[in-house]
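The structure appears below as structure tokens.
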Amino acid sequence: MTDLSPSQRLTGLLDESPLKPIQRWLWVLSTGGTLLDGFVIFVLGVAMPLIIAEFRLTPDVVGLIGASLVFGAVFGAGLGGPVADRLGRKKLMLADMIIIATGAATSALANGFPLLFIGQLLVGVGVGVDFPASSSYVSEVLPKRSRARMMVATIACQSVGMLLAAVIALFLLKNVHSAQTWRLFLAIEGVIALLFFLLRLSEPDSPHWLMTRGRFADAAQAFIRIMPEQREAVLQITSDGGDPNVANSVLPPKSPGIAILFSRDYRARTMLVAVPWFLMDIATYGVGLFTPIILGAIDVSAKRVGVIARDFADARGSAAIDFFLLLGFLVGIWAVPRFGRIRMQAIGFAGMAFGMLVLMIAVSLSNSFAGAGNIPLVFAGFILFNLVMNAGPNSTTFTLAPILFPTQLRGTASGFAAGVAKIGATLGVFLLPILKAKCGVPAVLGMMAVVSVLGLVVTLVFGREDSE
């Protein structure tokens, strides 16, 4: 142990410790961004028919509003990763909740397209900032034996957010008979963000990050909060770290910057963490955001009269389908630590492609025959897609960068991967309504199948980089 750096010795103490109640609580605090990510996707999808009816928006403008959410996340993730490595995880995890709350308030008070676009852009920025900050934080405060499972559970809160949004949306649509209900949907996002901001004020910063910055006293206090029974060992190690010779070996000479992700040592690893996530988000955000609209297009609720009644029916159908998002994540929490990230990611992409093929068959049958007999096939396709996506790539892509990159690069790599993923999400959300309007639902489903197959190929080619 004497040849190990203070950071490595503290990592060993943390990795070998059992999961404690305070670590579970820090994990809960870290789920704010992923929970709100799912919440805002579902809420915007349900709110969109009401917004379209009030402002008489064209398909291109609808696409821009949806794209603003995920385009903001591109900027937020790309900026948030390097800043989290430079300024710390906690500061970013506080700032992003304020940004989300500001965007939610702007959206709820919007009187037309411009403010809606700006508000959703800000919400996206906040969600994007949180992804690299919170994923790095979780990986740095949990013991190794619990890390994979709890990181999958972190992204699983995306589906919890969707289900929470579904419950709230269905309650409001049923009890508040107003075309302005969408404003309440969007305002609730801000309330949740402010709650997480207040709760996060009491959390310690990442002790590993503090060590890399040479802040040994602060790191000691953070480690002691997480491992109080190791107080004496922590103080001894961090006092050794305060020695100038040791400190110089711990501190990096300068911030390595994003360019190092494309060096020979990290290039293939960067491809593995970024490209499959990019491809998955084209499908995830596109299908997730427009599930109510797609269900309506396949005549699931064609007999409903009035925009609120149709929106309620489509939201209920979306909620039933999104339940399988959570079920998929629960499968992922169990399966990923047992079968490995790459294997589950490959299985997930293959299943996503098959789910889209099932939906294409359902659409073809609904165009050929009248009747509701095709509705079970429609739901089967969506359910399969959501189940395997969340048991596989939606569980694994979030966890790869924080696990495969060292502390000083963790936020930068996580932010880059999340930013690239959100570019895919932007493409999916912006192109879907345009593609649907010009080519129909089958073209949308075909595009989802193609990107799923590409995700499978890239995962298999670069999967060897995941050697942990």
Please find, within segment 43-61, the residue that is modelled with the lowest pLDDT out of those that are under 20 Å from Leu431 (Cα atoms) and open to solvent by less than 10 Å² (accessible area, probe 1.4 Å).
-> Gly45
Tell me which residues, restricted to segment 84-135, are surrounded by fewer than 24 Cβ atoms within 10 Å (Cβ to Cβ), part of a helix (DSSP H, G or I) and touching a Lys or Arg at 6+ places or on another chain (Cβ under 8 Å).
-> Lys90, Leu94, Ala108
Scanning segment 440-455 residue by residue, those in a helix (DSSP H, G or I) and either of a type in the set (S, T, N, Q) or open to solvent by less than 30 Å² (accessible area, probe 1.4 Å) (or both) turn out to be Val441, Val444, Leu445, Gly446, Met448, Ala449, Val451, Ser452, Gly455
From the list Phe398, Phe379, pick out the single residue that is closer than 30 Å to Arg215 by Cβ and at pLDDT below 90.
-> Phe398
Determine the pairs where a residue that is under 13 Å from Thr11 (Cα atoms), located within segment 202-217, has a partner that is hydroxyl-bearing (Ser, Thr, Tyr) and open to solvent by 10 Å² or more (accessible area, probe 1.4 Å) with Cβ atoms under 6 Å apart, the partner being 6 or more residues away or on another chain.
-> His208/Thr407; Met211/Ser7; Thr212/Thr407
Would you be able to say whether some residue in segment 379-389 is part of a loop (DSSP other than H, G, I, E, B), more than 15 Å from the chain's Cα centre (by Cα) and not acidic (Asp, Glu)?
-> no
What number of residues in segment 406-436 are open to solvent by 10 Å² or more (accessible area, probe 1.4 Å) and either more than 20 Å from Arg89 (Cα to Cα) or touching a His at 6+ places or on another chain (Cβ under 7 Å) (or both)?
-> 11
Given (1) surrounded by 20 or more Cβ atoms within 10 Å (Cβ to Cβ); (2) basic (Lys, Arg); (3) modelled with pLDDT under 85, index of the condition Arg341 fails | (3)
Residue list for segment 78-93, restricted to those being out of contact with any Leu (no Cβ under 6 Å at 6 or more places or on another chain) and not hydrophobic (A, V, I, L, M, F, W, C) = Gly78, Gly81, Pro82, Asp85, Arg86, Gly88, Arg89, Lys90, Lys91
Segment 138-221: helices (runs of 4 or more DSSP H) wholly inside it with 1 or more residues that are open to solvent by 40 Å² or more (accessible area, probe 1.4 Å) and over 23 Å from Asp37 (Cα atoms) are 144-175
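The values are calculated or read from the model by the stated rules, or taken from the named source; none is laboratory data. This is a predicted model, so every value here is computed, not measured. As a convention, Cβ positions derive from the backbone with ideal geometry for all residues, glycine included, and neighbour counts pool all protein chains shown. Calculation scope for accessible area: heavy atoms of the full protein, side chains included, ligands and nucleic acids excluded. Shrake-Rupley method; radii C 1.70, N 1.55, O 1.52, S 1.80 Å.
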